[in-house]
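Below you'll find the structure, written out as structure tokens, and then a few comments.
Computed from the coordinates by the stated procedures, all read-outs in this text should not be read as laboratory data. Just so it is clear, the model here is predicted, and its values are computed rather than measured. For neighbour counting, all protein chains shown are included, and Cβ atoms are generated from backbone atoms with ideal geometry for every residue, glycine included.
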Amino acid sequence: MIPEEAKQFIGRTDPPHVREVEAGAIRRYADAAGDDNPLYRDREQARKSKYGDIVAPPGFFGWPIKPVPELEAIMGLMSAVINAGYHRILDAGMSFEFFLPVRVGDILIASPKVADVTEKEGKSGTMIVCSFETTYLNQNGDPIAKSYQKVICSKPRNTGVEKC
Amino acid sequence: MLGHQVFWEDVEVGTKLPPLPKIVDSVTAVKWVGAIGGFNPLMYEEEFAKSQGMKGPIVHGLLKLAWLVHFVTNWIGDEGTLKKISCEYRGVDYPRRMKTMTEPQDGETWFCKGKVTDKYVNGEDHFIVLEIGVENGSGVVTTPGDAVVVLPSRG
């Protein structure tokens, strides 16, 4: 059963937050992913490419300029699910659609939304599947990308120790 | 990136992409968490990871997705464009532990693998659809996914 308190969050959006795409952050992300593509770190080579400058690896949208504002819908949903006993929270998958490249110096606006909450029968009983969507626009208002994330919440198999 | 550019006409349904090996250890796992600014203790704290039913800190799903992005963008080359990519985190992976401060213990090497499942033209764009995945050291695909790319055409 989808917890009653969780249902109210379906379709709700959280306030957008602003993200800055800095050269150092791009390089550290690409390093951590083990991707040595010069487009992500070598300005001279990147300028000769079709992008005209350093770009971010697809899937990297910079760091928030300020702490991310209170994600009332997303955090409210997660609290409702956890309070109903679904303490084991796992990312289930992620999708990206890319519309335009992200260039160094871009200022992106990320708008998250609770897309859906469904239930699914798993090996360890009922699981709650929360789907989130985030839309990214650049400083010109052009859509850059959309991400779709699924999180699976289940009740721990060993319920001897309850943690909140 | 690559000296070699793959063209849409060079590729057929069933064409396999050259596998890309990847290793993650405790240090690179933490480096990743810092690079994305997503500080979930599941990726670095033993006790918390165990409370979530894991054997220890796990490899972040998004890192495996970033590996797949590397794998696909490396293959499509500078003139190719990644349009869509997705994956499911079906199996849990654990980073290699450290032998020294900088060197991992012997252990698992992961491979990004993929093959072409469809190709079509829509308007001006020449599309390729790929089935992709991250395979663990035991040959199990823990992170299956797919991608849609546009390749340059010789036409």
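Observations
- Inter-residue pairs, beta-carbon under 7 Å, first facing chain A (nearest Cβ under 8 Å) and under 19 Å from residue B:54 (Cβ atoms) and in segment B:80-97, second part of a strand (DSSP E or B) and among the acidic types (Asp, Glu), 6+ apart: B:89/A:91
- Qualifying residue in segment A:6-23 (condition: buried (at least 18 other Cβ atoms within 10 Å of the Cβ) and under 16 Å from residue B:66 (Cα atoms)): no
- Qualifying positions in segment B:45-68 - over 20 Å from the mean Cα position of the chain (by Cα) and away from chain A (no Cβ under 11 Å): B:45, B:46, B:49, B:55, B:56
- Residue in segment A:16-25 that is more than 18 Å from the chain's Cα centre (by Cα), farther than 27 Å from residue B:145 by Cα and of a type in the set (A, V, I, L, M) present: yes
- Conditions (1) more than 12 Å from chain A (Cβ to nearest Cβ); (2) of a type in the set (Phe, Trp, Tyr); (3) in a helix (DSSP H, G or I); number of the one not met by residue B:111: (3)
- Residues in segment B:91-114 that are basic (Lys, Arg) and loosely packed, with under 15 Cβ neighbours inside 10 Å: B:97, B:99.
- Annotation: residue B:39 fulfils all but one of (1) within 23 Å of residue A:25 (Cα to Cα); (2) of a type outside the set (Val, Ile, Thr); (3) not in a loop (DSSP other than H, G, I, E, B); the unmet one is (3).
- Apart from one condition, residue B:138 fits all of (1) within 14 Å of chain A (Cβ to nearest Cβ); (2) of a type outside the set (Phe, Trp, Tyr); (3) assigned to a loop (DSSP other than H, G, I, E, B); the exception is (1).
- Among the residues of segment B:77-92, the one identified as of a type in the set (A, V, I, L, M, F, W, C) and in contact with a Leu (Cβ under 6 Å, 6 or more places away or on another chain) is B:87.
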